[in-house]
1. Got a number for residues in the range 103-144 being part of a strand (DSSP E or B) and farther than 15 Å from Gly51 by Cα?
2. Yes or no: Gly99 at positive phi and modelled with pLDDT of 95 or more?
3. Go through the range 163-186 residue by residue and tally those that are out of contact with any Leu (no Cβ under 6 Å at 6 or more places or on another chain) and farther than 14 Å from Leu129 by Cα.
4. Please go through the range 138-166 and pick out each residue that is at pLDDT below 90 and among the aliphatic types (A, V, I, L, M).
5. If the requirement is being assigned by the TED database to the domain that holds Met144, under 20 Å from Pro168 (Cα atoms) and at pLDDT below 90, which of these qualifies: Thr123, Thr113?
Amino acid sequence: MTAPNVPLRIGVALGGGSARGFAHIGALSALERNGFAPDLVVGTSFGAIVGALYAAGLTPKEIAETANSVRWRDLSRVLDFGLHKAALFSGDKLETYLGELVEGRSFSDLKRTLVVVATDLTTGERVDLSTGLLARALRASASMPGVFSPVAVDGRLLVDGGLGSPLPLATLDGYDLDVALGIGAGMEGGDSGAIRFAQRCLTTRWGQRVHRGLRDHPGVHPMRQLGRSLAHTMTAWQTPAVLADDALFVHTRPPISWFNFRGAEVAMTAGDAALEGYIPTLRQALRTYDAASL
């Protein structure tokens, strides 16, 4: 049994998590199946990519078909190997691929409101992107420092949104919503293995190369900023999200590794099941909303 069409305004925040982010597709499927399609989508990193496709008008089923049609071993074509300033890859080919994925759309072309979250490399502040070309914003939101070069947007150097906002619930606070829903996919909650990996990277030859590359960016002290990024990451991942009274947090817990891109179906199933468990809570929110409207 599905809920009727109602004026309940729902906003969802889709967290990062690399391949675990496929869980967001299943979660969106469960929301739609039960009549709770969101009006606002906020996403960081992989969550931003899923959110962009959904906001563009693709159904969760169509997004799943897209995910399953990609030959993940061929994604090396988005990795522009070579010497680049501040990173292992420049990210230019990634942006081209993302542009193809969203068919060159801008935010103004979308059917649902979308906010893509990135992080200011210099200050560590959250940056909400909602104008311009989607591919540029998505690239910024997924540009892990040292892996992909920072992205210049409006005079700021932007990197992966998951560094400061692994689950961007704070962005939802700026909108008039009846229900705020955070959907986590494994990047929040203190992944100590990922933190140890990031710490080791700072002391490797690769880390020193990143240091030399970042020196060319005005106003950025290389290792200080990388250290700050790591500090923001550890703080964000180890601090439980503080939710408003009407906010819900769904942890999908997909049982795959960060880089198991062949595990899309497993992650989507986990996301669907996790969100389905919260449908009674959403129905109660609907009843409360209806009662208050009388």
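The values are calculated or read from the model by the stated rules, or taken from the named source; none is laboratory data. Remember, predicted model here, so these are calculated numbers, not experimental data. Note that each Cβ is placed from the backbone with ideal geometry, even for glycine, and that neighbours are counted across all protein chains shown.
1. First, pick out the residues of the range 103-144 that are part of a strand (DSSP E or B): 106, 113-120, 126-129, 133.
When the remaining residues are screened for being farther than 15 Å from Gly51 by Cα, the result is 119-120, 126-127.
So the answer is 4.
2. no
3. Of the residues in that region, 11 qualify.
4. The initial filter retains those residues of the range 138-166 that are at pLDDT below 90, namely 144-149, 162-166.
Within the range 138-166, Met144, Val147, Leu163 meet the criteria.
5. Being assigned by the TED database to the domain that holds Met144, under 20 Å from Pro168 (Cα atoms) and at pLDDT below 90 holds for just one of Thr123, Thr113, which is Thr123.
So that you can scan it fast, the table gives a plain yes or no per residue for (1) over 18 Å from the mean Cα position of the chain (by Cα); (2) surrounded by fewer than 24 Cβ atoms within 10 Å (Cβ to Cβ):
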site: Arg156; (1), (2): yes, yes
site: Gly162; (1), (2): no, no
site: Leu172; (1), (2): no, yes
site: Asp178; (1), (2): yes, yes
site: Leu181; (1), (2): no, no
